[in-house]
Each structure stands twice: as structure tokens, then as C-alpha cells.
Amino acid sequence: MTAGARPVVVWICLEWPHDEHSGGVARYAYRLAEEVAPLVDLTIITETGGTPVKGARMIHLPRANGRMDRYYAQAVRLRRTILTVPNIDVVHAFGDDWALPRGSWKLVRHFLGLSLSEARSSRGLRKLNHYVLAGLEKLSEKRADHRIAIGPESFDAFHCDTLMPPVTAVSPTGTPKTPEPSVVFIGSHGGRKRGALVEQVVDRARAAGIEGLTLRVFGPTDDAKNWPAGTLHRSGADDAEVHAAIESAWALLSPSSYEGFGIPIYEALALGTAVIATPNPGSTYQAGLVGNADAMMLGDSVDQLTLALTERVSRGPHLSPAASAAGGKAVAGMVEQASAEALVTSIYGRLRG
């Protein structure tokens, strides 16, 4: 490659927005790609149906069918596929890189949390799978030329070079708060997101006298049947719809048993909505940055979460000026650390030499 030419960068990111429900990692990676694409010669390898990014070349693998296909067969397909891209300077993997061949490129590995921690909060085959993936993550750590962490937990566990919160700037949508108290939740009824706990908290808050309390959920299509009547369940929403719902809510509930970061928490803080969460590495990290219990409250039990919600509702839909300022300051600091320009200049540029 000639001096001054844009670096040739390949992203490996199988978690990517598509027609069905897309998780926080997928939405983050897509938004970051939109910022990175004008700065590099970008190729993105993801699964069929992945939303294209303007200015980037998309390579689609067949969509995985089941756990074994997704976490193991896809990695083997990636090994073959990456060899079809010529003159690569940097490979940036958001996972699934353990089977990649050696090449002349430099390897950047983005650690989005710990499979070991997910294993400890999972059951059955999911638990076993995460224990295996934890071993593969250590292999990825050894192979990477530069390691990026999304929070202090992954930074320490994988001896990372850069802490880069998985965020991009989120601007208020101008959506007003709902007239009656409302809660928003992003995730599934079961699993580590623990939507069932959200259901319990909302039911208890209603029983405690919060009239008209509504629950809006963004989650997978096949999960809608698990929620009680009256829940406003939505799948396949884009960022604009999710952000408008978060901004209009009186509180975001995030009772996950494990999060490496917790993107919905960040989005709520950026949009001026109070956060009520259970302690985990991601929520504890963000709560420490905020340092204001009105903006972000942590609770371990149904009783604590219910009390936090009833107290939040008693103060009305809007954060206090002090809470809003604390949340805004934390958000600004995270956005500064997550700069796409710094990723391209300080990491890709340095590795390219």
C-alpha cells in the first residue's frame, strides 16, 4: 500500500443489526462502523441479512443455525472467507477470531465482556458453551496485537491496551415524557437480562399504588408470548424508535445478572432517563462514573428495585438538575473515550506503521 492511502481494514462482527431484534452490541457496532467507514477502506464480515453500511463492503456468511454453528462452524467459515480480501492492513474482530489464519495483517480484538462471567450467570448448555468460549477468549488475547476492552472488568481480565466504552453519541429526540408513569426494558423475559424480574417489579409497584404504570419492552419476536397482557412489546425497532421510547419513559429497568457494559444504561443516561439496575460489572462501572443516585440507582432484590421505582415515580418524570448534570458529564466522558477518530488514528494507524 502506498503512503497516505487509507488503511485496508476488515471487521469481523457477526452480531449485527438485521430485520429481527438486534442486541446492544449489534447496534453499537453498526453505529461505530458508520463513523469509521469514511476514514478507512472498510470490509465488514457478518451474517446474511446484516444491514449494509454506506461506504463499506459487506461480506455475508450464511446465518447460523443453532449454537454449535454460530460459535464454532462460523469461525471456520471466517477462516476461509478472510483470505478472499486482498492487502489487509488490520483485522478488527469483535469475537469469533480464534480460528483465523496467520496473515500479514495486524489483529485488533474487541473484548465485549467475559464469557467466564456469562457462564457463571447461565445454566445448562449455555453455561457449558460459555466456559468453552472463555478458553477461546484467552487464545484470542494471546494472538491479538492490540486489545480493546469495553469496561474495567474486561480491561483487567485480558490485559488490554485500550478502554473504549461501546458507545457512540446519542442525541435527545425531543420526545416528551409519558403523561403517566412508564418503564422501558430492553431484552428477553428469561436469561441473563431477567425480564421476569422486571415484570415482578412493575407488578409490585402497581400494587404499591402507582396507578397507570405502563411497561414497554424491546425484545425478540418469539419472546412476546412470555409477557403478560398489557405489556407493549416491540421487535425489530430501529435506533430512533428505541431512543424515543427510552427518552419518553420515567425509568429504564436493567436487572441483568451480567453485563460487560450495558449499552441501554448509557443510552438512558444520554437521553435524560433515570436508570434502575442490579449490580454487575457494567452497571457498577457506569454508576461509579455518574455518582448520583437519582440518575442511576442500583438494587440487589425485587424489594430494593421496587422501592427505587416507587421513589423515582414520586419525584416525577424528570431528573433533577444535579442528576441530569451528573449523567451528562458521565456520558460526555464515555463518548470521548469511544472516539472513532482515535480508533483509526491511534490504533489502526499505529499498527499499520
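The values are calculated or read from the model by the stated rules, or taken from the named source; none is laboratory data. Fair warning: this is a prediction, and the values are worked out from it, not measured in the lab. Cβ sites come from the backbone with ideal geometry, for glycine too, and all protein chains shown count toward neighbours.
Screening Arg206 with (1) touching a residue at least 40 places away in the same chain (Cβ under 8 Å); (2) in the same structural domain as Thr278 (by TED's automatic domain parsing); (3) surrounded by fewer than 22 Cβ atoms within 10 Å (Cβ to Cβ) gives one miss only, at (1).
Residue count for segment 171-189, restricted to those that are within 19 Å of the chain's Cα centre (by Cα) and at pLDDT 95 or above: 6.
Looking across segment 33-46, the residues that are hydrophobic (A, V, I, L, M, F, W, C) and either surrounded by 19 or more Cβ atoms within 10 Å (Cβ to Cβ) or under 21 Å from Ala75 (Cα atoms) (or both) come down to Ala33, Val36, Ala37, Val40, Leu42, Ile44, Ile45.
Kindly indicate whether any position in segment 257-272 is part of a strand (DSSP E or B) and farther than 23 Å from Pro176 by Cβ.
Scanning segment 257-272, I find no residue that is part of a strand (DSSP E or B) and farther than 23 Å from Pro176 by Cβ, so the answer is no.
If you go through segment 139-151 and keep only what is in contact (Cβ under 8 Å) with a residue 40 or more places away in the chain and surrounded by fewer than 16 Cβ atoms within 10 Å (Cβ to Cβ), you end up with Leu139, Arg143, Asp145.
Taken over segment 102-125, residues that are over 30 Å from Ala342 (Cα atoms), surrounded by 13 or more Cβ atoms within 10 Å (Cβ to Cβ) and in contact (Cβ under 8 Å) with a residue 24 or more places away in the chain amount to 3.
For segment 94-124, the set of residues classified as within 21 Å of Pro152 (Cβ to Cβ) and not in a loop (DSSP other than H, G, I, E, B) consists of Val108, Arg109, His110, Phe111, Ser115, Leu116, Ser117, Glu118, Ala119, Arg120, listed by residue number. Scanning segment 219-243 for residues that are closer than 13 Å to Ile186 by Cβ, outside any loop (DSSP other than H, G, I, E, B) and either among the hydrophobic types (A, V, I, L, M, F, W, C) or out of contact with any strand residue (DSSP E or B) (no Cβ under 6 Å at 6 or more places or on another chain) (or both) returns Asp223, Leu232, Asp239, Glu241, Val242, His243. Would a scan of segment 310-326 turn up a residue that is under 17 Å from Arg206 (Cα atoms), of a type in the set (S, T, N, Q) and in contact (Cβ under 8 Å) with a residue 12 or more places away in the chain? Within segment 310-326, one or more residues are under 17 Å from Arg206 (Cα atoms), of a type in the set (S, T, N, Q) and in contact (Cβ under 8 Å) with a residue 12 or more places away in the chain. Being out of contact with any Leu (no Cβ under 9 Å at 6 or more places or on another chain) and either closer than 30 Å to Asp161 by Cβ or of a type in the set (Gly, Ala, Ser) (or both) is a property that Ala293 has. Reported count of residues in segment 299-351, each being touching an Asp or Glu at 6+ places or on another chain (Cβ under 7 Å) and buried (at least 16 other Cβ atoms within 10 Å of the Cβ), is 4. Are any of the residues in segment 186-203 in the same structural domain as Ser301 (by TED's automatic domain parsing), in a strand (DSSP E or B) and under 24 Å from Val242 (Cα atoms)? Checked against the condition, which is being in the same structural domain as Ser301 (by TED's automatic domain parsing), in a strand (DSSP E or B) and under 24 Å from Val242 (Cα atoms), segment 186-203 yields at least one hit.
Does Gly49 meet the test of being in contact with a helix residue (DSSP H, G or I) (Cβ under 9 Å, 6 or more places away or on another chain), surrounded by fewer than 19 Cβ atoms within 10 Å (Cβ to Cβ) and part of a loop (DSSP other than H, G, I, E, B)? For Gly49, the condition - in contact with a helix residue (DSSP H, G or I) (Cβ under 9 Å, 6 or more places away or on another chain), surrounded by fewer than 19 Cβ atoms within 10 Å (Cβ to Cβ) and part of a loop (DSSP other than H, G, I, E, B) - is not met. Close contacts from segment 265-284, counting a first residue that is in the same structural domain as Ser121 (by TED's automatic domain parsing) and a second that is part of a loop (DSSP other than H, G, I, E, B) and acidic (Asp, Glu), with Cβ to Cβ under 6 Å and a gap of 6+ residues or different chains, come to none at all.
Look through segment 88-127, keep the residues that are among the basic types (Lys, Arg) and at pLDDT 95 or above, and return whichever of them is farthest from Ala5 (Cα to Cα). Here the answer is Arg109.
Being in the same structural domain as Phe155 (by TED's automatic domain parsing) and either at positive phi or assigned to a helix (DSSP H, G or I) (or both) narrows it down to one residue among Ala323, Ala342, Ala308, Ala287; which is it? None of the others qualify; the one that does is Ala342.
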